[in-house]
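Q: Mind having a look at this structure? Questions to follow.
The values are calculated or read from the model by the stated rules, or taken from the named source; none is laboratory data. If you're wondering where the values come from, they're calculated on a predicted model, not measured in any experiment. All Cβ positions, even for glycine, are placed from backbone atoms using ideal geometry, and neighbour counts span all protein chains on display. Remember, those area values only see protein heavy atoms, side chains included, never the ligands or the DNA or RNA. Shrake-Rupley method; radii C 1.70, N 1.55, O 1.52, S 1.80 Å.
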Amino acid sequence: MTPHDLPEDLRLATRSPAQAAQDAIGRGGMDQIRICGGRPLRGEIRISGAKNAALPLMAASLLTDETLTLTGVPHLADITTLANLLAQHGVGFSMNGEGAVSDGREIALTAAIIDNTTAPYDLVRKMRASALVLGPLVARCGEARVSLPGGCAIGTRPLDLHIKGLQQLGAEVGLDNGYIEARAPKGLTGAEIAFPFVSVGATENLMMAACLAKGETRLVNAAREPEVADLAKCLIAMGADISGTGTDTIVVRGADRLHGAHHHIVADRIETGTYAMAVGVAGGNVELVGASLELIGVVADTLRAAGLELEATDRGFRVACEPGQLTGIDVMTEPYPGFPTDLQAQMMALVSVANGASMITETIFENRFMHVPELARMGANINLHGASAMIRGVPQLTGAPVMATDLRASVSLVLAGLAASGETTVGRVYHLDRGYERLEEKLSACGAEVERIKAAR
Ligand code: UD1
(Lines give C-alpha, C1' and ligand atoms only; values in the text may rest on other atoms or scores of the structure.)
Protein backbone atom coordinates (compact mmCIF):
# COMPACT_ATOMS: atom_id res chain seq x y z
CA MET A 1 0.00 0.00 0.00
CA THR A 2 1.27 3.47 -0.83
CA PRO A 3 0.40 6.49 1.30
CA HIS A 4 -2.11 7.51 -1.33
CA ASP A 5 -4.16 4.37 -0.66
CA LEU A 6 -4.70 5.62 2.89
CA PRO A 7 -8.18 6.75 3.90
CA GLU A 8 -8.33 10.45 3.12
CA ASP A 9 -8.43 11.44 6.77
CA LEU A 10 -5.04 9.83 7.34
CA ARG A 11 -3.29 11.19 4.28
CA LEU A 12 -0.58 13.81 4.40
CA ALA A 13 -1.26 16.55 1.90
CA THR A 14 0.96 16.68 -1.20
CA ARG A 15 2.67 20.02 -1.10
CA SER A 16 4.95 22.14 -3.21
CA PRO A 17 8.51 22.67 -1.95
CA ALA A 18 7.52 26.16 -0.84
CA GLN A 19 4.86 24.64 1.36
CA ALA A 20 7.15 21.90 2.63
CA ALA A 21 8.03 23.92 5.72
CA GLN A 22 4.44 23.46 6.73
CA ASP A 23 4.27 19.74 6.23
CA ALA A 24 4.94 18.82 9.83
CA ILE A 25 1.67 20.39 10.55
CA GLY A 26 -1.09 18.01 9.60
CA ARG A 27 -3.97 20.30 8.86
CA GLY A 28 -3.08 23.20 11.12
CA GLY A 29 -1.03 25.17 8.60
CA MET A 30 0.08 28.46 9.96
CA ASP A 31 -3.24 28.86 11.76
CA GLN A 32 -3.40 30.84 14.96
CA ILE A 33 -5.50 30.41 18.07
CA ARG A 34 -7.10 33.58 19.44
CA ILE A 35 -8.19 33.64 23.07
CA CYS A 36 -10.08 36.36 24.89
CA GLY A 37 -9.34 35.62 28.53
CA GLY A 38 -11.31 36.06 31.70
CA ARG A 39 -14.19 33.63 31.17
CA PRO A 40 -14.71 30.75 33.58
CA LEU A 41 -15.14 27.25 32.16
CA ARG A 42 -18.38 25.37 32.84
CA GLY A 43 -19.70 22.17 31.35
CA GLU A 44 -18.00 18.97 30.26
CA ILE A 45 -15.02 17.98 28.14
CA ARG A 46 -14.61 14.50 26.73
CA ILE A 47 -11.05 13.21 26.98
CA SER A 48 -9.63 11.54 23.86
CA GLY A 49 -7.58 8.37 23.54
CA ALA A 50 -3.93 8.90 24.44
CA LYS A 51 -1.66 9.95 21.58
CA ASN A 52 1.34 8.44 23.36
CA ALA A 53 -0.45 5.10 23.60
CA ALA A 54 -1.88 5.21 20.07
CA LEU A 55 1.53 5.66 18.40
CA PRO A 56 3.27 2.54 19.80
CA LEU A 57 0.02 0.58 19.38
CA MET A 58 -0.06 1.44 15.69
CA ALA A 59 3.60 0.38 15.37
CA ALA A 60 2.70 -2.94 17.03
CA SER A 61 0.61 -3.78 13.96
CA LEU A 62 3.94 -4.55 12.21
CA LEU A 63 4.38 -7.58 14.48
CA THR A 64 1.61 -9.64 12.87
CA ASP A 65 0.24 -10.42 9.41
CA GLU A 66 -3.27 -10.32 10.86
CA THR A 67 -5.44 -7.24 11.49
CA LEU A 68 -4.99 -5.10 14.59
CA THR A 69 -8.08 -2.98 15.24
CA LEU A 70 -7.66 0.05 17.48
CA THR A 71 -10.60 2.04 18.80
CA GLY A 72 -10.56 5.48 20.40
CA VAL A 73 -7.78 6.69 18.08
CA PRO A 74 -7.55 10.49 18.40
CA HIS A 75 -7.63 12.84 15.38
CA LEU A 76 -4.11 14.22 15.49
CA ALA A 77 -1.34 15.19 13.11
CA ASP A 78 1.08 12.71 14.78
CA ILE A 79 -1.33 9.85 14.06
CA THR A 80 -1.43 10.91 10.41
CA THR A 81 2.36 11.02 10.26
CA LEU A 82 2.72 7.50 11.64
CA ALA A 83 -0.06 6.18 9.41
CA ASN A 84 1.85 7.47 6.39
CA LEU A 85 5.05 5.86 7.61
CA LEU A 86 3.35 2.52 8.23
CA ALA A 87 1.60 2.65 4.85
CA GLN A 88 4.91 2.96 3.08
CA HIS A 89 6.13 -0.15 4.93
CA GLY A 90 3.11 -1.93 3.41
CA VAL A 91 0.51 -1.70 6.18
CA GLY A 92 -3.08 -1.57 4.91
CA PHE A 93 -5.56 0.72 6.66
CA SER A 94 -9.30 0.95 6.99
CA MET A 95 -11.14 3.39 9.14
CA ASN A 96 -14.55 3.92 10.76
CA GLY A 97 -16.06 6.51 13.03
CA GLU A 98 -15.01 9.80 11.54
CA GLY A 99 -17.85 11.46 13.44
CA ALA A 100 -18.13 12.90 16.89
CA VAL A 101 -15.37 14.51 18.91
CA SER A 102 -16.26 12.08 21.64
CA ASP A 103 -15.71 8.75 20.01
CA GLY A 104 -12.31 8.81 18.41
CA ARG A 105 -11.85 6.63 15.38
CA GLU A 106 -11.58 2.95 14.79
CA ILE A 107 -8.57 2.12 12.65
CA ALA A 108 -7.82 -1.37 11.38
CA LEU A 109 -4.17 -1.97 10.43
CA THR A 110 -3.03 -5.03 8.50
CA ALA A 111 0.66 -5.68 7.88
CA ALA A 112 0.02 -8.79 5.76
CA ILE A 113 3.22 -8.21 3.80
CA ILE A 114 5.94 -5.78 4.78
CA ASP A 115 7.53 -4.80 1.48
CA ASN A 116 9.77 -1.99 2.65
CA THR A 117 11.79 -1.90 5.86
CA THR A 118 13.16 1.63 5.46
CA ALA A 119 11.70 4.49 7.49
CA PRO A 120 12.81 7.58 5.54
CA TYR A 121 14.14 10.82 6.98
CA ASP A 122 11.26 12.78 5.47
CA LEU A 123 8.73 11.13 7.74
CA VAL A 124 10.90 10.34 10.78
CA ARG A 125 12.13 13.93 11.17
CA LYS A 126 8.51 15.07 11.67
CA MET A 127 8.07 12.90 14.69
CA ARG A 128 10.60 11.16 16.88
CA ALA A 129 8.07 8.45 17.80
CA SER A 130 8.52 7.13 14.23
CA ALA A 131 11.53 5.30 15.67
CA LEU A 132 9.00 2.93 17.27
CA VAL A 133 8.92 0.98 13.99
CA LEU A 134 12.55 -0.09 14.53
CA GLY A 135 11.98 -2.91 17.04
CA PRO A 136 8.91 -4.43 15.34
CA LEU A 137 10.54 -4.33 11.86
CA VAL A 138 13.75 -6.04 12.97
CA ALA A 139 11.79 -8.62 14.97
CA ARG A 140 9.41 -9.48 12.13
CA CYS A 141 11.59 -8.96 9.02
CA GLY A 142 15.12 -9.46 10.37
CA GLU A 143 16.16 -6.00 9.17
CA ALA A 144 15.27 -2.33 9.36
CA ARG A 145 16.71 0.95 8.19
CA VAL A 146 15.34 3.84 10.22
CA SER A 147 16.45 7.43 9.85
CA LEU A 148 17.73 9.18 12.95
CA PRO A 149 15.17 11.83 13.82
CA GLY A 150 17.63 14.70 13.88
CA GLY A 151 17.37 17.85 15.97
CA CYS A 152 14.48 18.34 18.29
CA ALA A 153 13.29 21.51 19.94
CA ILE A 154 13.34 20.01 23.43
CA GLY A 155 16.84 18.64 23.49
CA THR A 156 19.10 16.20 21.72
CA ARG A 157 17.02 13.09 22.57
CA PRO A 158 19.30 10.37 21.21
CA LEU A 159 18.18 6.78 20.46
CA ASP A 160 21.21 5.08 22.02
CA LEU A 161 19.15 2.99 24.45
CA HIS A 162 17.00 1.66 21.59
CA ILE A 163 20.13 0.74 19.61
CA LYS A 164 22.00 -0.84 22.50
CA GLY A 165 18.94 -2.87 23.51
CA LEU A 166 18.54 -4.27 20.01
CA GLN A 167 22.23 -5.22 20.00
CA GLN A 168 21.68 -7.05 23.29
CA LEU A 169 18.86 -8.95 21.58
CA GLY A 170 21.41 -10.08 18.98
CA ALA A 171 20.91 -7.56 16.16
CA GLU A 172 23.85 -6.06 14.34
CA VAL A 173 23.28 -2.33 14.40
CA GLY A 174 25.27 0.32 12.59
CA LEU A 175 24.85 3.90 11.47
CA ASP A 176 24.97 4.77 7.79
CA ASN A 177 24.25 8.14 6.23
CA GLY A 178 22.03 9.26 9.11
CA TYR A 179 20.22 5.94 9.22
CA ILE A 180 20.18 3.23 11.88
CA GLU A 181 20.73 -0.05 10.06
CA ALA A 182 19.77 -3.12 12.06
CA ARG A 183 20.03 -6.73 10.94
CA ALA A 184 19.11 -9.99 12.61
CA PRO A 185 18.70 -12.46 9.72
CA LYS A 186 18.39 -15.40 12.09
CA GLY A 187 15.98 -13.57 14.39
CA LEU A 188 16.41 -11.96 17.80
CA THR A 189 17.27 -13.78 21.02
CA GLY A 190 15.98 -12.85 24.48
CA ALA A 191 18.39 -11.12 26.88
CA GLU A 192 18.51 -9.07 30.05
CA ILE A 193 18.51 -5.37 29.20
CA ALA A 194 19.16 -3.03 32.12
CA PHE A 195 18.43 0.59 31.19
CA PRO A 196 20.75 3.16 32.81
CA PHE A 197 17.77 5.53 33.08
CA VAL A 198 14.09 5.29 32.25
CA SER A 199 13.07 5.69 28.62
CA VAL A 200 9.45 5.29 27.54
CA GLY A 201 10.25 4.81 23.86
CA ALA A 202 13.14 2.37 24.40
CA THR A 203 11.00 0.27 26.76
CA GLU A 204 8.21 0.15 24.16
CA ASN A 205 10.49 -0.56 21.20
CA LEU A 206 12.33 -3.38 22.94
CA MET A 207 9.19 -4.86 24.52
CA MET A 208 7.70 -5.12 21.01
CA ALA A 209 10.90 -6.61 19.57
CA ALA A 210 11.15 -9.14 22.42
CA CYS A 211 7.67 -10.48 21.64
CA LEU A 212 9.10 -12.22 18.53
CA ALA A 213 12.55 -13.04 20.00
CA LYS A 214 13.58 -16.57 20.98
CA GLY A 215 13.41 -17.09 24.75
CA GLU A 216 13.01 -14.66 27.61
CA THR A 217 13.81 -10.95 27.74
CA ARG A 218 13.98 -8.98 30.98
CA LEU A 219 13.74 -5.20 30.73
CA VAL A 220 15.16 -3.81 33.96
CA ASN A 221 14.55 -0.19 35.00
CA ALA A 222 11.72 -0.19 32.45
CA ALA A 223 9.28 2.69 32.07
CA ARG A 224 6.08 2.30 34.12
CA GLU A 225 3.96 4.82 32.20
CA PRO A 226 0.30 3.79 31.69
CA GLU A 227 0.89 3.98 27.93
CA VAL A 228 3.54 1.24 28.25
CA ALA A 229 1.03 -0.86 30.18
CA ASP A 230 -1.60 -0.19 27.51
CA LEU A 231 0.80 -1.40 24.81
CA ALA A 232 1.55 -4.54 26.83
CA LYS A 233 -2.19 -5.18 27.25
CA CYS A 234 -2.64 -5.04 23.48
CA LEU A 235 0.42 -7.22 22.82
CA ILE A 236 -0.95 -9.80 25.27
CA ALA A 237 -4.26 -9.72 23.37
CA MET A 238 -2.16 -10.40 20.24
CA GLY A 239 -0.75 -13.54 21.88
CA ALA A 240 2.38 -12.17 23.57
CA ASP A 241 3.53 -13.45 26.97
CA ILE A 242 4.40 -10.37 29.06
CA SER A 243 4.47 -9.91 32.81
CA GLY A 244 5.57 -7.16 35.18
CA THR A 245 4.13 -4.15 33.35
CA GLY A 246 3.55 -1.27 35.72
CA THR A 247 6.67 -2.38 37.66
CA ASP A 248 10.26 -1.57 36.79
CA THR A 249 11.00 -5.07 35.48
CA ILE A 250 9.10 -6.33 32.45
CA VAL A 251 9.53 -9.95 31.41
CA VAL A 252 8.68 -11.00 27.85
CA ARG A 253 8.72 -14.62 26.70
CA GLY A 254 9.05 -14.57 22.94
CA ALA A 255 6.62 -16.31 20.56
CA ASP A 256 7.00 -17.48 16.94
CA ARG A 257 4.14 -15.29 15.83
CA LEU A 258 1.47 -12.91 17.10
CA HIS A 259 -2.09 -12.67 15.84
CA GLY A 260 -4.68 -9.95 15.30
CA ALA A 261 -6.62 -8.29 18.13
CA HIS A 262 -9.04 -5.50 19.06
CA HIS A 263 -7.84 -2.92 21.53
CA HIS A 264 -9.38 0.25 22.98
CA ILE A 265 -6.83 2.99 23.67
CA VAL A 266 -6.41 4.27 27.23
CA ALA A 267 -7.56 7.85 27.99
CA ASP A 268 -5.03 10.63 27.48
CA ARG A 269 -3.72 11.56 30.94
CA ILE A 270 -1.79 14.52 29.54
CA GLU A 271 -4.90 15.95 27.88
CA THR A 272 -6.76 15.27 31.14
CA GLY A 273 -4.19 17.15 33.20
CA THR A 274 -4.14 20.00 30.69
CA TYR A 275 -7.91 20.60 30.90
CA ALA A 276 -7.88 20.27 34.69
CA MET A 277 -5.24 23.02 34.73
CA ALA A 278 -7.32 25.07 32.28
CA VAL A 279 -10.10 25.08 34.89
CA GLY A 280 -7.50 26.07 37.47
CA VAL A 281 -6.35 29.14 35.54
CA ALA A 282 -9.75 30.20 34.19
CA GLY A 283 -11.83 29.20 37.22
CA GLY A 284 -15.10 27.30 36.89
CA ASN A 285 -16.40 23.77 37.17
CA VAL A 286 -15.99 21.12 34.46
CA GLU A 287 -16.55 17.37 34.29
CA LEU A 288 -13.75 15.57 32.40
CA VAL A 289 -15.62 12.67 30.83
CA GLY A 290 -13.67 9.48 30.18
CA ALA A 291 -10.83 10.70 32.43
CA SER A 292 -9.70 8.90 35.55
CA LEU A 293 -8.20 10.26 38.76
CA GLU A 294 -6.15 7.07 39.22
CA LEU A 295 -4.55 7.54 35.82
CA ILE A 296 -3.31 11.03 36.66
CA GLY A 297 -2.13 9.98 40.16
CA VAL A 298 0.44 12.46 41.41
CA VAL A 299 -0.94 15.17 39.12
CA ALA A 300 -4.25 15.00 40.99
CA ASP A 301 -2.40 15.29 44.31
CA THR A 302 -0.42 18.27 43.01
CA LEU A 303 -3.51 20.05 41.70
CA ARG A 304 -5.33 19.54 44.99
CA ALA A 305 -2.34 20.95 46.84
CA ALA A 306 -2.47 23.95 44.48
CA GLY A 307 -6.09 24.59 45.49
CA LEU A 308 -8.18 22.80 42.83
CA GLU A 309 -11.08 20.59 43.84
CA LEU A 310 -11.19 17.21 42.10
CA GLU A 311 -13.96 14.72 42.67
CA ALA A 312 -14.64 11.39 40.94
CA THR A 313 -17.93 11.07 39.02
CA ASP A 314 -19.56 8.12 37.26
CA ARG A 315 -18.15 9.25 33.95
CA GLY A 316 -14.72 10.55 34.98
CA PHE A 317 -14.08 13.37 37.42
CA ARG A 318 -15.11 16.93 38.12
CA VAL A 319 -12.63 19.75 38.57
CA ALA A 320 -13.52 23.08 40.14
CA CYS A 321 -11.67 26.23 41.12
CA GLU A 322 -12.80 29.63 42.42
CA PRO A 323 -10.98 32.90 41.67
CA GLY A 324 -8.18 33.54 44.15
CA GLN A 325 -8.08 29.90 45.24
CA LEU A 326 -4.77 28.92 43.61
CA THR A 327 -1.65 28.53 45.74
CA GLY A 328 1.94 28.20 44.53
CA ILE A 329 3.53 24.77 44.77
CA ASP A 330 6.89 23.14 43.98
CA VAL A 331 6.95 20.51 41.25
CA MET A 332 9.69 18.27 39.86
CA THR A 333 9.20 16.24 36.69
CA GLU A 334 10.07 12.55 36.91
CA PRO A 335 9.33 9.30 35.10
CA TYR A 336 5.92 7.79 36.01
CA PRO A 337 4.57 7.67 38.67
CA GLY A 338 6.22 11.08 39.15
CA PHE A 339 4.92 14.35 37.73
CA PRO A 340 5.04 14.13 33.89
CA THR A 341 7.33 16.38 31.90
CA ASP A 342 4.49 16.67 29.37
CA LEU A 343 2.50 18.71 31.94
CA GLN A 344 5.37 20.89 33.10
CA ALA A 345 4.64 23.87 30.82
CA GLN A 346 0.92 23.82 31.63
CA MET A 347 1.70 23.69 35.36
CA MET A 348 3.92 26.72 34.92
CA ALA A 349 1.04 28.66 33.34
CA LEU A 350 -1.14 27.65 36.30
CA VAL A 351 1.24 28.75 39.04
CA SER A 352 1.99 31.97 37.17
CA VAL A 353 -1.37 33.21 38.49
CA ALA A 354 -1.28 31.46 41.90
CA ASN A 355 -0.80 33.14 45.26
CA GLY A 356 2.86 32.93 46.30
CA ALA A 357 5.95 31.43 44.76
CA SER A 358 6.56 28.07 43.07
CA MET A 359 9.64 26.20 41.92
CA ILE A 360 9.36 23.94 38.87
CA THR A 361 12.30 21.63 38.12
CA GLU A 362 12.63 19.74 34.83
CA THR A 363 14.65 16.53 35.12
CA ILE A 364 13.67 14.63 31.94
CA PHE A 365 14.57 16.95 29.07
CA GLU A 366 17.16 19.66 28.64
CA ASN A 367 15.90 22.83 27.03
CA ARG A 368 12.24 22.34 27.92
CA PHE A 369 11.62 25.90 29.12
CA MET A 370 10.97 27.55 25.78
CA HIS A 371 7.55 28.66 26.96
CA VAL A 372 9.18 30.81 29.66
CA PRO A 373 9.98 33.89 27.53
CA GLU A 374 6.52 33.70 25.96
CA LEU A 375 4.79 33.49 29.36
CA ALA A 376 6.98 36.39 30.49
CA ARG A 377 5.65 38.44 27.54
CA MET A 378 2.22 37.95 29.06
CA GLY A 379 3.39 39.31 32.41
CA ALA A 380 4.40 36.11 34.20
CA ASN A 381 7.20 36.58 36.74
CA ILE A 382 9.62 33.70 36.08
CA ASN A 383 13.34 33.36 36.77
CA LEU A 384 15.29 30.47 35.32
CA HIS A 385 18.17 28.85 37.22
CA GLY A 386 19.49 25.91 35.19
CA ALA A 387 16.89 23.15 35.26
CA SER A 388 14.64 25.04 37.69
CA ALA A 389 12.23 27.92 37.24
CA MET A 390 11.17 30.16 40.11
CA ILE A 391 7.71 31.56 39.48
CA ARG A 392 6.24 34.33 41.58
CA GLY A 393 2.49 34.42 41.06
CA VAL A 394 0.94 37.60 39.67
CA PRO A 395 -2.73 38.57 40.09
CA GLN A 396 -3.35 38.77 36.35
CA LEU A 397 -1.60 38.05 33.06
CA THR A 398 -2.05 40.30 30.03
CA GLY A 399 -2.96 39.09 26.56
CA ALA A 400 -0.23 39.26 23.89
CA PRO A 401 0.77 37.72 20.56
CA VAL A 402 2.93 34.70 21.44
CA MET A 403 4.59 31.89 19.54
CA ALA A 404 4.29 28.16 20.14
CA THR A 405 7.62 26.34 20.22
CA ASP A 406 6.62 22.75 20.89
CA LEU A 407 3.53 20.73 21.60
CA ARG A 408 3.15 21.17 25.36
CA ALA A 409 4.64 24.68 25.39
CA SER A 410 1.97 25.76 22.93
CA VAL A 411 -0.92 24.59 25.06
CA SER A 412 0.58 26.32 28.11
CA LEU A 413 0.23 29.57 26.18
CA VAL A 414 -3.44 28.82 25.49
CA LEU A 415 -3.94 28.25 29.23
CA ALA A 416 -2.16 31.52 30.00
CA GLY A 417 -4.46 33.21 27.47
CA LEU A 418 -7.51 31.92 29.35
CA ALA A 419 -6.19 33.59 32.49
CA ALA A 420 -5.12 36.85 30.81
CA SER A 421 -6.96 40.09 30.37
CA GLY A 422 -7.59 40.99 26.74
CA GLU A 423 -6.60 39.07 23.63
CA THR A 424 -3.87 36.49 23.16
CA THR A 425 -2.94 35.00 19.80
CA VAL A 426 -0.86 31.85 19.71
CA GLY A 427 1.06 31.35 16.47
CA ARG A 428 2.49 28.10 15.00
CA VAL A 429 -0.56 26.15 16.03
CA TYR A 430 0.70 23.12 14.10
CA HIS A 431 2.57 22.16 17.27
CA LEU A 432 -0.78 22.00 19.09
CA ASP A 433 -2.41 19.94 16.37
CA ARG A 434 0.18 17.22 16.90
CA GLY A 435 -1.30 16.38 20.29
CA TYR A 436 -4.59 18.14 21.08
CA GLU A 437 -7.74 17.11 19.30
CA ARG A 438 -10.13 19.99 18.54
CA LEU A 439 -8.85 21.99 21.49
CA GLU A 440 -10.67 25.17 20.55
CA GLU A 441 -14.00 23.32 20.20
CA LYS A 442 -13.61 21.57 23.53
CA LEU A 443 -12.78 24.82 25.36
CA SER A 444 -15.43 26.94 23.58
CA ALA A 445 -18.12 24.40 24.48
CA CYS A 446 -17.34 25.25 28.14
CA GLY A 447 -17.72 29.00 27.59
CA ALA A 448 -14.16 30.01 26.74
CA GLU A 449 -13.72 32.56 23.97
CA VAL A 450 -11.23 30.62 21.84
CA GLU A 451 -11.16 30.44 18.09
CA ARG A 452 -8.90 29.24 15.34
CA ILE A 453 -7.93 31.81 12.77
CA LYS A 454 -7.23 29.95 9.57
CA ALA A 455 -4.17 30.99 7.62
CA ALA A 456 -4.72 31.75 3.95
CA ARG A 457 -4.26 28.49 2.02
C1 UD1 B 1 7.93 9.80 25.45
C2 UD1 B 1 6.69 10.58 25.10
C3 UD1 B 1 6.93 12.06 25.36
C4 UD1 B 1 7.37 12.28 26.80
C5 UD1 B 1 8.56 11.38 27.14
C6 UD1 B 1 8.94 11.42 28.61
C7 UD1 B 1 5.70 9.28 23.33
C8 UD1 B 1 5.37 9.16 21.89
N9 UD1 B 1 6.39 10.37 23.70
O10 UD1 B 1 8.98 10.26 24.60
O11 UD1 B 1 5.70 12.76 25.11
O12 UD1 B 1 7.74 13.62 26.97
O13 UD1 B 1 8.25 10.01 26.82
O14 UD1 B 1 7.85 11.08 29.40
O15 UD1 B 1 5.33 8.45 24.13
N16 UD1 B 1 17.00 9.22 26.02
C17 UD1 B 1 18.30 8.95 25.69
N18 UD1 B 1 18.56 7.89 24.88
C19 UD1 B 1 17.57 7.08 24.38
C20 UD1 B 1 16.23 7.36 24.73
C21 UD1 B 1 15.97 8.44 25.56
O22 UD1 B 1 19.22 9.64 26.12
O23 UD1 B 1 17.87 6.13 23.65
C24 UD1 B 1 16.70 10.36 26.92
C25 UD1 B 1 15.87 11.46 26.26
O26 UD1 B 1 16.69 12.37 25.57
C27 UD1 B 1 15.20 12.07 27.47
C28 UD1 B 1 14.95 10.88 28.39
O29 UD1 B 1 15.86 9.87 27.96
O30 UD1 B 1 16.05 12.99 28.10
C31 UD1 B 1 13.55 10.31 28.37
O32 UD1 B 1 13.15 10.10 27.04
P33 UD1 B 1 12.09 8.99 26.63
O34 UD1 B 1 11.39 8.49 27.84
O35 UD1 B 1 12.75 8.01 25.75
O36 UD1 B 1 11.07 9.85 25.77
P37 UD1 B 1 10.32 9.42 24.47
O38 UD1 B 1 9.99 7.97 24.50
O39 UD1 B 1 11.02 9.97 23.27
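Q: Classify region 329-397 as rounded, prolate or oblate from the Cα gyration tensor: take a ≥ b ≥ c as the square roots of its eigenvalues, call it rounded if a/c is under 1.5, otherwise prolate when a/b beats b/c and oblate if not.
A: prolate
Q: Taking a probe of 1.4 Å, how large is the accessible area per residue of region 67-225, in Å²?
A: About 36 Å² of surface per residue is accessible.
Q: Taking θ as phi - 60°, what are the ³J(HN,Hα) couplings along region 38-46 by the Karplus curve (6.51, -1.76, 1.60), each to the nearest whole Hz, with x for Gly and Pro?
A: Values, residue by residue: x, 9, x, 9, 9, x, 9, 10, 8 Hz.
Q: At a Cα cut-off below 14 Å, give the aspartates and glutamates reachable from LYS186, other chains included and same-chain residues fewer than 8 away excluded.
A: GLU143, GLU172, ASP256
Q: Suppose we keep just the DSSP beta bridges with both residues in the chain; what percent of those would be antiparallel, to 5?
A: 70 percent
Q: With respect to the cross-link table entries LYS164/LYS214; LYS233/LYS442; LYS51/LYS454; LYS126/LYS454, which display a Cα-Cα separation exceeding 27 Å?
A: LYS233/LYS442
Q: Further question: Pull out a ≥ b ≥ c, the square roots of the eigenvalues of the alpha-carbon gyration tensor of region 208-277, then state rounded if a/c is under 1.5, prolate if not and a/b is larger than b/c, and oblate in the remaining case. Numbers along the way, then the final one.
A: Values: a/c = 3.84, a/b = 1.66, b/c = 2.32.
Oblate, because a/c is 1.5 or more while a/b does not exceed b/c.
Q: For the chain, give the percent of accessible area contributed by carbon and sulfur heavy atoms, probe 1.4 Å, rounded to a whole number. Walk me through the intermediate numbers first.
A: On the way: 8450 of 16990 Å².
Carbon and sulfur: 50 percent of the exposed surface of the chain.
Q: Suppose each label sits 7 Å from its Cα in the direction of the beta carbon; what would the ALA456-LYS164 distance come out to in nanometres?
A: About 5.2 nm, to one decimal.
Q: In addition: Non-local amide H neighbours of HIS264 (under 5 Å, H modeled in plane, Pro and chain starts lacking H): which ones?
A: The list, which skips near neighbours in sequence, is THR71.
Q: Moving on. Tell me, how many Å apart are the Cα centres for region 382-440 and for region 291-344?
A: Taking the Cα centre of each part, region 382-440 and region 291-344 sit 18 Å apart.
Q: So, one more: Can you pull out the GluC sites (Glu not before Pro) in region 40-140 that DSSP calls coil and that have at most 14 other Cβ atoms within 10 Å?
A: Answer by residue number: GLU98.
Q: Let me check against my output: what whole-number percent is the relative contact order of the chain, with C-alpha pairs under 8 Å and at least 6 apart? Can you show the working numbers first?
A: Working: 1155 pairs, mean separation 93.9, N = 457.
Rounded, it is 21 percent for the chain.
Q: Here is a further query. How are the alpha carbon pair distances in region 221-367 distributed across 5 Å bins from zero to the largest one, expressed in percent?
A: Bin by bin from 0 Å, the calculated values are 2, 9, 17, 18, 17, 13, 10, 7, 4, 2, 1, 0.
Q: To continue, here is another question. Divide, for the chain, the radius of gyration over alpha carbons by 2.2 N^0.38 Å, where N is the residue count. Don't jump to the answer; show the numbers that get you there.
A: Numbers: Rg = 21.5 Å, N = 457, 2.2 N^0.38 = 22.6 Å.
In units of the 2.2 N^0.38 Å rule of thumb, it is 0.95.
Q: For every helix of n ≥ 4 consecutive DSSP H residues, a contribution of -39,500 (n - 2.57) applies; sum these over the chain, divide by its total residues, and give [θ] at 222 nm rounded to the nearest 500 deg cm²/dmol.
A: Rounded to the nearest 500, the figure is -8500 deg cm²/dmol.
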